[in-house]
């Protein structure tokens, strides 16, 4: 029992931002809201914070119905994607602001701001104005303000999205440490699957205002319950192709087929959708069972340690991701290997079929 | 070519400054000298015009009156416009866009249109010839202007700032006064400046709505021209002094004005 949404709906004008949503989030560790833009992450965060009221439904927090409780009374903290600080105040005053509102004594405020600033490496900047700081330091200030009070619920809305790559990695490594032993619940919205995986905890996969899957982060990644969860939780996008099962063999097309493996034997004859992650479609033959296909290369991206190729087969675009440099020329026919042990099967409606 | 690149700015400044110079020049001359012939600078330098203005109550009270209603107007305009601009920048409500545009159309009607109804209305409620009457009348064009300017500045502040403050525990009034107003201080300065200027230079309504007790300096200047002959030196001195408040205000907001223009709101 921690944060519970009961049939929450949020409509703004004629648009529905959140469709009838019910979920019970874990009190421990990170709860990650994973979804692309317009998936409803920010709407959900605003509902959880109490900045917006749901159109219908109830929100319960630690056993209490907080649906109509004002945000000021909820004891929550929040960090936005944009670097939001009070520009007319110094970094110290920014961090101290929630404590001042709470009416703590000067000495307590000094002490708590001092220790949180130390933790976030902001001590030398305390007297400066937030606008004079770098993006990373501005976001650290916002984080410090969120952490300085003993909130029950901390909401982070893509806090790293506006930072450059290096700062993002640095802060991402620090984040879990900041929240341990605080006795607070953390909700973390992100659009990046890597971020979700590195933070762990539990993940709510969102798609167009609906929950497509909720569970342990690594389980949601490994075992998507439906195609949409698989799509949300994949970068580069997961390959989804139609296949059919006939007489113990799985047919990708007229030329490519393979005998069903041990984990695929349970499939009845019929049409399916098969999903396979880009890194299981490689130019080099992987260990274990694989089949090879030939496709015409459309786009290649090299990033030093890995190569991504988009290729076309039967009017279907595939994406391959592999370690090392595999420079295929655009327009060439190239051979790729599908690791068939890592294929996931879904019925035509998009629901996962497991044994 | 390069040798003459000082030429254009010099000419520009020369043309800009010429009328002001001429006004100052006249203000230090005697009326006889002004009427007597063409002189580039005062032949008989005199401060008597300024002394008259600062010693004669019928003169200096004009400045006091003008400043009084201009300040009242600026305070009213900005304090009324702040919540209005906040609503326009943060909320969607029925007809908000039309209402916002309609504010601007208020500036399209010449003040002369309102002179007669205002005269009648203010007389009827016993506000004729008071400072507050002129201040309220000038609100007709200054409040829409202030709303328009402030909305631009407020829309430049992300609404996440408001949310952060609420999450921190600020109530709306406390957030608005302690955080939001300091954040848009530059915008308030620019809005106040324009309210001040437009109220300061407006003559028609100010003249129509006053007779003795709240008569603005500009009205006193026109009176002098018509009754006691041509006291040109005195008029020039009064004119020179009339420029000063605007110059002072412009000095304080000079760094923010460009931002107001950049927002396309002025």
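Quick notes on this structure:
- For the stretch A:239-259, the set of residues classified as more than 21 Å from residue A:294 (Cβ to Cβ) and surrounded by 16 or more Cβ atoms within 10 Å (Cβ to Cβ) consists of A:245 only.
- When restricted to residues that are more than 8 Å from every other protein chain (Cβ to nearest Cβ) and either outside any helix (DSSP H, G or I) or within 17 Å of residue A:145 (Cα to Cα) (or both), the stretch A:44-65 contains 15.
- Yes/no for residue A:68 being surrounded by fewer than 18 Cβ atoms within 10 Å (Cβ to Cβ), in contact with a helix residue (DSSP H, G or I) (Cβ under 9 Å, 6 or more places away or on another chain) and away from every other protein chain (no Cβ under 14 Å): no
- Restricting the stretch A:90-103 to residues that are more than 8 Å from chain B (Cβ to nearest Cβ) and in contact (Cβ under 8 Å) with a residue 24 or more places away in the chain leaves a set whose member that is surrounded by the fewest Cβ atoms within 10 Å (Cβ to Cβ) is A:90.
- When the criteria are applied in full, residue B:124 meets the requirement of being over 30 Å from residue A:51 (Cα atoms), without any contact (Cβ under 8 Å) to a residue 24 or more places away in the chain and away from chain A (no Cβ under 14 Å).
- Residue satisfying condition, being away from chain A (no Cβ under 11 Å), surrounded by fewer than 19 Cβ atoms within 10 Å (Cβ to Cβ) and within 25 Å of residue B:47 (Cβ to Cβ), within set B:243, B:177, B:217: B:243
- Residue in the stretch A:160-176 that is assigned to a loop (DSSP other than H, G, I, E, B), on the phi < 0 side of the Ramachandran plot and within 14 Å of chain B (Cβ to nearest Cβ) present: yes
- Sole residue being farther than 20 Å from residue B:204 by Cα and touching a strand residue (DSSP E or B) at 6+ places or on another chain (Cβ under 9 Å), chosen from B:168, B:96: B:168
- Per-region count, the stretch A:71-88, residues free of Cβ contacts under 8 Å to residues at least 60 places away in the same chain and either at the interface with chain B (Cβ under 8 Å from one of its Cβ atoms) or buried (at least 21 other Cβ atoms within 10 Å of the Cβ) (or both): 6
- Subset tally (residues that are assigned to a helix (DSSP H, G or I) and over 17 Å from residue B:190 (Cα atoms)) for the stretch B:71-91: 4
- Residue A:39 vs. criteria over 25 Å from the mean Cα position of the chain (by Cα) and farther than 30 Å from residue B:178 by Cβ: no
- Of all the listed residues (A:51, A:44, A:34, A:38), the sole one being closer than 27 Å to residue A:135 by Cβ and either modelled with pLDDT under 90 or not assigned by TED's automatic domain parsing to the domain that holds residue A:188 (or both) is A:38.
- Count of the stretch B:154-173 residues which are within 7 Å of chain A (Cβ to nearest Cβ) and farther than 14 Å from residue A:73 by Cβ: 5
- The listed residue being in contact (Cβ under 8 Å) with a residue 24 or more places away in the chain and crowded, with 18+ Cβ neighbours inside 10 Å, out of A:327, A:295: A:295
- In the stretch A:230-274, residue nearest to residue A:191 (Cα to Cα) [restricted to those that are at pLDDT below 90 and under 23 Å from the mean Cα position of the chain (by Cα)]: A:235
- Of all residues in the stretch B:180-214 being touching a residue at least 12 places away in the same chain (Cβ under 8 Å) and within 13 Å of chain A (Cβ to nearest Cβ), the one that is surrounded by the most Cβ atoms within 10 Å (Cβ to Cβ): B:187
- Within the stretch A:2-12, one or more residues are surrounded by fewer than 21 Cβ atoms within 10 Å (Cβ to Cβ), more than 30 Å from residue B:181 (Cβ to Cβ) and within 14 Å of chain B (Cβ to nearest Cβ).
- Positions within the stretch A:108-150 being touching a helix residue (DSSP H, G or I) at 6+ places or on another chain (Cβ under 9 Å), within 13 Å of chain B (Cβ to nearest Cβ) and not in a helix (DSSP H, G or I), in sequence order: A:129, A:149
The values are calculated or read from the model by the stated rules, or taken from the named source; none is laboratory data. Please read all numbers here as calculations on a predicted model, not as lab measurements. Glycine also receives a Cβ, built like all others from the backbone with ideal geometry; neighbour counts cover every protein chain displayed.
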